[in-house]
Amino acid sequence: MPPPFSLEYFDPPPELARHILVLFHFATDVPRIEDLQPGALGQFVMFPRGTGTINFGERTEHLVSRLNLMSGFSTAAPFTMDGPWHAVGMSLSPLGWAALTGTPASEHVDQFCPAAELLGDDAALFGKDLSARYRNGEISGRDASFAMADWIMPRLAKVPPAHEKLIERTIIWLSGSMNPDLSLLFDTLNYSRRQAERLVEQYFGFPPAALARKYRAVRAAALLSKERLTGHEEAAVADAFYDQPHMVREIRRYCGYTPSRLGGDGQPILKTLLQMKNFNRLLEFRAS
């Protein structure tokens, strides 16, 4: 039985490939949705239909139709939406977040921020107009996502070349193993360990150890949510954790469910998001 929603991904314009990982359009007519958002990467997103809430521990935020920005979550965040619910937007690379917002990703972890707060009143006006055009059927989800890409293009600032190189090297390190060695990262960066940790946290939202821990859990969950694993995949997951209880704890923390529950019929949105097209694109990132 197909999931009760559609999720389409689109390649960004080539000139934005280092800033935007993917464009997307999500839609469901289900009257009420309860699921989890792993929040692995930053987003610039609009909700032209549907309202709801997302929970960050002791704090709950309301999700409305305005344009929103988020830099990532420290743990999987449960959300509830009253549908029909549609979302249009893009996943941002760490370079894209920095160039668009000019603020450290670490200052916006575990929150949805109205885009106008970081991008000015023009963002609110643009989002209001685009949302109305989408709801009226004047523009498709695909075209709305590309309109958002066109809107941010002239607003992207330059990131210092040395920092762009740090972003690239951190991604290469992160992609090299499910459990990457911290010393291998610091050996490639032309900064003291303290400076490197500060800059990685600035651009990725988390210091290197926490970043690796988070993506180890999310990547393992992505594999374990598949119907079948190859022997190589099974070995990669097993080797990434001290033991099975450690794996279960980490996946529960970052994805909200134990590995056995990830394979069930529930959480269809979470399991789709865990296929990590966004993250796979991130690992292809290279600075020009």
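Some observations on this one:
- One residue from 212, 196, 217 being surrounded by 18 or more Cβ atoms within 10 Å (Cβ to Cβ), outside the structural domain of residue 90 (by TED's automatic domain parsing), in contact with an Asp or Glu (Cβ under 6 Å, 6 or more places away or on another chain) and of a type in the set (A, V, I, L, M): 217
- Filter result for residue 124 (among the hydrophobic types (A, V, I, L, M, F, W, C) and closer than 23 Å to residue 61 by Cα): yes
- Counting only helices (runs of 4 or more DSSP H) that sit completely within the stretch 50-135, those holding 2 or more residues that are farther than 22 Å from residue 203 by Cβ correspond to 121-135.
- Qualifying position, being out of contact with any Ser or Thr (no Cβ under 7 Å at 6 or more places or on another chain), modelled with pLDDT of 85 or more and crowded, with 19+ Cβ neighbours inside 10 Å, among 203, 191: 203
- Any hit, the stretch 171-188, residues being among the hydrophobic types (A, V, I, L, M, F, W, C) and over 24 Å from the mean Cα position of the chain (by Cα): yes
- Count of the stretch 192-227 residues which are closer than 14 Å to residue 174 by Cβ and part of a loop (DSSP other than H, G, I, E, B): 3
- Scanning the stretch 18-61 for residues that are in contact with a Phe, Trp or Tyr (Cβ under 8 Å, 6 or more places away or on another chain) and either outside the structural domain of residue 126 (by TED's automatic domain parsing) or among the β-branched types (Val, Ile, Thr) (or both) yields a total of 6.
- If only residues of the stretch 148-188 that are touching a Lys or Arg at 6+ places or on another chain (Cβ under 7 Å) and part of a helix (DSSP H, G or I) are counted, the one that is surrounded by the fewest Cβ atoms within 10 Å (Cβ to Cβ) is 186.
The values are calculated or read from the model by the stated rules, or taken from the named source; none is laboratory data. Note that the coordinates shown come from a computational prediction; the quantities given were computed from them, not determined experimentally. With ideal geometry, Cβ positions are generated from the backbone for all residues, glycine too; neighbour counts draw on all protein chains shown.
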